[in-house]
Amino acid sequence: MTSLGLLKSTPFRVALILGATFFVAMLIAGFAAFELIGRELESRMDQTIGDTFRVIAESYGDSDQADLIDSVTSHSRSTLNHDQIYGLISETGARLAGDVQSLPKANGWTTQTGQELGLADAQSERFRVFVGQAGLNRLLVGSSFAETREVGRLALLMLACAGLVTFVIVVGAGTVLATRAQKRIDVIAATMTRIGQGELDARIPPGRRNDDIDQLTRQVNAALDRLSALVEGMRQVSVNIAHDLKTPLNRLAISVESATLASDRGENVSDQLAQVEFEIHRINSTFDALLRIAQIEAGARRARFVRVRMGDILDRIADAYGDVADEEHQTLVVRRPPAMPDIDGDQELLIQLSANLIENSIRHCPPGTLIEVTGEVQNRQVILTFADNGPGIPPDEYDKVFQRLYRLEKSRTTPGSGLGLSLVRAIADLHGASIVVSDRAPGLVVTVAFPTVGIV
């Protein structure tokens, strides 16, 4: 990955921002720690100076000035580089002991420079000093700020180094992660490019990490499967439309031509016009069904959803198709529990779904066939089962029968448009229902499972 590509990588930029944020936070924390440490050291410095002052001042017992001078001199000689400073001035202003040449005019706590205290070799150094009375004498005890500054400097340096190391580690880790992520994204991009060039069977190789990119990969592959199925469906629909409309259009052209010739001869053209009307009606019915399926798949009918009593729909189906089955010498049996849950749906479409499945069995099964429709409740779902003991269909055709204009009878000479089960699938999808075709041996079973909204 180039440096420009790395800078455009989202994981790397996130790592860079986090690293910079952490580094700034470390600096802020370091300055805060520096202030706290400085205040604590100054507090302890004041305490140490005060304790030392009391120890020296107590050596002035019984007004023995010689002991006081010896104590100041001893303390002054024990320090190096003016880490601690001492001074003793008599009541007349004469310097008696210590390393400072002059004392502040007022007693108490002050901050002085080495120049103000007369320290020739530490003029720029700052000192914390306390001046008080030791008998008739004035005593100064002080300490340099050099140690405090050094501790603070070390603390800042340590925090800065820690922040820098952390920043480098975060950016380095971000670079590694960005490189790995970019490789996976490049694979996705390459796959999408192939798909854009017409390779609809191309898929993104699945990963094993089960992270967000792998989840995205699965979602994209699922979308591609759906897209491929839709494209194949459209292709198949186009082919089937060509097959289904070619014959009626040819018959329509022949009928019109025959009617025209008969009219020219002065003959009655009623039969030819009736045939023309029949073919036009058949073509219109096919397009009406296609438009109806498209409308349902677009979800336009969802606005008409209400609470629907599934038991009432099964009762109406039993009443409407019982006599139709009898005329075909078949038997229709409808079973349902006394109480069934409601579902949210379009009652007209749900009746259409049930009617299409029953008509499909009546049309394609021989006399003597038993057609059973069962309604039941399982796992908070309303299950409708449409079964017959007819010839059934081959298992490899189960999914294909829901395609638009698909017909098992390849010659396409029998009546029908091949849209009945496509309409069933569209209605089921609109209602969030699953639909499964299975073998009854002999016969066929179609199971539709609807989500429920309550018990009636």
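The values are calculated or read from the model by the stated rules, or taken from the named source; none is laboratory data. Computed from a predicted structure; not experimentally measured. Please note: Cβ atoms are built from the backbone with ideal geometry, for glycine as well, and neighbour counts cover all protein chains shown.
Listed here are the residues, each with its yes/no results for (1) in contact with a Phe, Trp or Tyr (Cβ under 7 Å, 6 or more places away or on another chain); (2) at pLDDT 90 or above; (3) surrounded by 13 or more Cβ atoms within 10 Å (Cβ to Cβ).
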| site | (1), (2), (3) |
| --- | --- |
| 296 | no, no, yes |
| 301 | no, no, yes |
| 310 | no, no, yes |
| 330 | no, yes, yes |
| 333 | no, yes, yes |
| 339 | no, no, no |
| 350 | no, yes, yes |
| 353 | no, yes, yes |
| 360 | no, no, yes |
task: State whether the residues of segment 22-30 include one that is touching a His at 6+ places or on another chain (Cβ under 7 Å) and either aliphatic (A, V, I, L, M) or at pLDDT 75 or above (or both).
output: no
Of (1) charged (D, E, K, R); (2) without any contact (Cβ under 8 Å) to a residue 60 or more places away in the chain; (3) crowded, with 16+ Cβ neighbours inside 10 Å, residue 326 satisfies every one except (3)
Of the residues in segment 186-203 that are of a type in the set (D, E, K, R) and surrounded by 12 or more Cβ atoms within 10 Å (Cβ to Cβ), the one that is farthest from residue 222 (Cα to Cα) is 186
Just one listed residue, out of 121, 46, 51, is part of a helix (DSSP H, G or I) and surrounded by 13 or more Cβ atoms within 10 Å (Cβ to Cβ), and it is 46
Within segment 126-164, residues part of a helix (DSSP H, G or I) and either touching a Lys or Arg at 6+ places or on another chain (Cβ under 6 Å) or among the β-branched types (Val, Ile, Thr) (or both) come out as 148, 151
Conditions (1) at positive phi; (2) under 26 Å from the mean Cα position of the chain (by Cα) -> residue 198 fails only (2)
For residue 317, indicate whether it is closer than 20 Å to residue 385 by Cα and not small (Gly, Ala, Ser). yes
Matching residues in segment 15-36 (of a type outside the set (A, V, I, L, M) and more than 30 Å from residue 179 (Cβ to Cβ)) number 4
Restricting attention to segment 228-240, the residues that are modelled with pLDDT of 75 or more and either of a type in the set (Val, Ile, Thr) or in contact with a helix residue (DSSP H, G or I) (Cβ under 8 Å, 6 or more places away or on another chain) (or both) number exactly 1
Scanning segment 6-21 for residues that are modelled with pLDDT under 75, part of a helix (DSSP H, G or I) and polar (S, T, N, Q) gives 10
All-but-one check, residue 277 against (1) touching a Ser or Thr at 6+ places or on another chain (Cβ under 7 Å); (2) without any contact (Cβ under 8 Å) to a residue 12 or more places away in the chain; (3) not aliphatic (A, V, I, L, M), failing number (1)
- [ ] Report yes if some residue within segment 404-426 is small (Gly, Ala, Ser), modelled with pLDDT of 85 or more and either over 39 Å from the mean Cα position of the chain (by Cα) or over 29 Å from residue 331 (Cβ atoms) (or both); otherwise report no.
- [x] yes
All-but-one check, residue 82 against (1) assigned to a loop (DSSP other than H, G, I, E, B); (2) surrounded by fewer than 16 Cβ atoms within 10 Å (Cβ to Cβ); (3) touching a residue at least 60 places away in the same chain (Cβ under 8 Å); (4) not polar (S, T, N, Q), failing number (2)
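This table checks each residue for (1) touching a Gly at 6+ places or on another chain (Cβ under 8 Å); (2) outside the structural domain of residue 230 (by TED's automatic domain parsing).
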| position | (1), (2) |
| --- | --- |
| 287 | no, no |
| 291 | no, no |
| 313 | no, yes |
| 323 | no, yes |
| 326 | no, yes |
| 330 | yes, yes |
| 343 | no, yes |
inquiry  = Take the conditions touching a residue at least 40 places away in the same chain (Cβ under 8 Å) and surrounded by fewer than 18 Cβ atoms within 10 Å (Cβ to Cβ) and apply them to residue 315. Does it pass?
reply    = no
Conditions (1) within 52 Å of the chain's Cα centre (by Cα); (2) modelled with pLDDT of 80 or more; (3) over 26 Å from residue 182 (Cα atoms); (4) not small (Gly, Ala, Ser) -> residue 260 fails only (1)
Over segment 89-110, the set of residues of a type in the set (Ser, Thr, Tyr) and exposed (fewer than 13 other Cβ atoms within 10 Å of the Cβ) is 92
